[in-house]
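Working notes, structure below.
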Amino acid sequence: MDFKREIFIFVTFIILCLDSIFSLPEYFMEDHCTQTLTMNYGSIEAVRIHLTKSKRYGENMGCSMRVEAPEGKLLIIRFEDFDVRGIPDLMCQSGDFVEIFDGSSEIAAPILPGLPRRLCSSPEQKIFLSSGRHLIIRFISDTDMIAGKGFRLLITAFSIAPCSDAQLQCSGSGLCLQKKLECDGEINCPDESDEALPKCLSTAAIAGIAVGCGIVLILIIVAIVIGIICYQRKKRARIIKLDYDGETMKASRTRPYTSPSLARHNGINTTSA
Ligand SMILES: [Ca+2]
Ligand SMILES: [Ca+2]
């Protein structure tokens, strides 16, 4: 029984490891300028988008990226981080800024009703909902070297209630999200209810699992490397032994025969087996 329990714990651990490894897809916008990022049915209906891989975005940057939800779904946009160095006093008319368009082209309305069209300093409102399945994110930086890290967005597809069996409903709203986003350590619902369920692990527990997975993977890699080294050493030792045996046989074949009488004549003692 105990053995079965240990197997169960091990399998659960591996599943959690795989789940954490194959979690949310992440993209760097600078690598996908002018491209469309499409969320397909069956895949994870959420993505994280970073502006850049670098510590600071570059000057003279102009990059637009379109995001497309599965058909019939809309998008939740959450700003997780925002470090754009614009000039807010001038309504972001110069400097560096971000725009999000609520549609599939840059002539669509901005997604910020009641707010400045452009974002150039951390917005008070962090969460926005699209009115259709498309949105466009556009980032522009000016020619000066004043720059920040950029931004990090979590974008999640949703539909309006009633929710299906394959969906979870954000409490307090009629938003239906893919069920696999429940308790995955990412805050997808605007009210964070997808991560507030009693069955959800705490962030610290998820971090602990991630660290544990990392250690297990390192141990597996070390074991594989040691195994390869041992195998190669054994193989080399076998080749040396075969070479040695071959040399010995060759030497015994080429050694001249000395008869016992001649050996006695030459003062050599021989014994028979
Ligand atoms: Ca700048
Ligand atoms: Ca979640």
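Of all residues in region 146-170, those that are surrounded by 22 or more Cβ atoms within 10 Å (Cβ to Cβ), among the small types (G, A, S) and away from ligand 2 (no atom under 13 Å from the Cβ) total 1. Return a yes/no flag: does region 187-198 have any residue that is more than 16 Å from K73 (Cα to Cα), in the same structural domain as I76 (by TED's automatic domain parsing), within 16 Å of ligand 2 (Cβ to nearest atom) and among the β-branched types (V, I, T). Scanning region 187-198, I find at least one residue that is more than 16 Å from K73 (Cα to Cα), in the same structural domain as I76 (by TED's automatic domain parsing), within 16 Å of ligand 2 (Cβ to nearest atom) and among the β-branched types (V, I, T), so the answer is yes.
Across region 49-87, which residue is modelled with the lowest pLDDT among those that are among the hydrophobic types (A, V, I, L, M, F, W, C) and within 16 Å of ligand 1 (Cβ to nearest atom)? Looking at residues that are among the hydrophobic types (A, V, I, L, M, F, W, C) and within 16 Å of ligand 1 (Cβ to nearest atom), I get I87. Give the residues of region 90-145 that are part of a strand (DSSP E or B), more than 16 Å from ligand 1 (Cβ to nearest atom), buried (at least 18 other Cβ atoms within 10 Å of the Cβ) and among the aliphatic types (A, V, I, L, M), sorted by residue number. Those that are part of a strand (DSSP E or B), more than 16 Å from ligand 1 (Cβ to nearest atom), buried (at least 18 other Cβ atoms within 10 Å of the Cβ) and among the aliphatic types (A, V, I, L, M): I100, L135, I136, I137. Within region 170-182, can one find any residue that is under 20 Å from the mean Cα position of the chain (by Cα), assigned to a loop (DSSP other than H, G, I, E, B) and either touching a residue at least 24 places away in the same chain (Cβ under 8 Å) or assigned by TED's automatic domain parsing to the domain that holds T38 (or both)? For region 170-182, residues under 20 Å from the mean Cα position of the chain (by Cα), assigned to a loop (DSSP other than H, G, I, E, B) and either touching a residue at least 24 places away in the same chain (Cβ under 8 Å) or assigned by TED's automatic domain parsing to the domain that holds T38 (or both): present.
Restricting to region 171-186, name every residue that is within 8 Å of ligand 2 (Cβ to nearest atom) and of a type outside the set (A, V, I, L, M, F, W, C). Those that are within 8 Å of ligand 2 (Cβ to nearest atom) and of a type outside the set (A, V, I, L, M, F, W, C): E182, D184, G185, E186.
The values are calculated or read from the model by the stated rules, or taken from the named source; none is laboratory data. This one's a predicted model, so the numbers in the text were calculated from it and none came from an experiment. For neighbour counting, all protein chains shown are included, and Cβ atoms are generated from backbone atoms with ideal geometry for every residue, glycine included.
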